[in-house]
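**Q** Below are the structure tokens for one structure; questions will follow.
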Amino acid sequence: MREARLQLKITGVVVAAVFALSAAGCGRSLGPSKAVGELTPQEARGRAVYQQYCASCHYANQSGDLHGPSLFGVYRKKYLPSGAPANDERVTPVVLRGRNMMPGYGNDLDDQQLADLLAYLHTL
């Protein structure tokens, strides 16, 4: 009887742990790395660019994919979802020319808007 209760207790702990770990990667909100009120003027402008051009397809403050991959922590990872290094030299051409289903915004963004957007992405 004691063994059965102990086994049930262990099973319950394991199930709870598995549930918690699976929920951690299921598109839950993680919050910004930098609070909106703490953004520099450039980062705040970049957030506005993100809202206008990126937010309909990419999450900024939660994991999981929307229509495109989440941008949360994009520069904290070693590689982009494409396998390319996560740096401005690789992100810039994707923003400007697009990739796969993502349209390019080279005709829509000026150099300052691009710089502002990259600055904001670094805060995620």
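The values are calculated or read from the model by the stated rules, or taken from the named source; none is laboratory data. Predicted model, so just to flag it, every value in this text is computed and none were measured. Positions of Cβ are generated from backbone atoms using ideal geometry, with glycine treated the same way; all protein chains shown enter the neighbour counts.
**Q** For segment 88-106, enumerate the residues that are exposed (fewer than 12 other Cβ atoms within 10 Å of the Cβ) and assigned to a loop (DSSP other than H, G, I, E, B).
**A** N100, M101
**Q** In addition: For A84, are the conditions met, namely being surrounded by 14 or more Cβ atoms within 10 Å (Cβ to Cβ), assigned by TED's automatic domain parsing to the domain that holds G46 and either closer than 24 Å to A35 by Cβ or among the charged types (D, E, K, R) (or both)? Give the steps one after another, and end with the answer.
**A** Numbers: surrounded by 14 or more Cβ atoms within 10 Å (Cβ to Cβ): yes; assigned by TED's automatic domain parsing to the domain that holds G46: yes; either closer than 24 Å to A35 by Cβ or among the charged types (D, E, K, R) (or both): no.
Considered against the rule, which asks whether it is surrounded by 14 or more Cβ atoms within 10 Å (Cβ to Cβ), assigned by TED's automatic domain parsing to the domain that holds G46 and either closer than 24 Å to A35 by Cβ or among the charged types (D, E, K, R) (or both), A84 comes out as no.
**Q** A follow-up question, please. When segment 42-62 is examined, which residues are found to be surrounded by fewer than 19 Cβ atoms within 10 Å (Cβ to Cβ) and assigned to a loop (DSSP other than H, G, I, E, B)?
**A** Listed by number, the residues that qualify are A55, S56, C57, N61.
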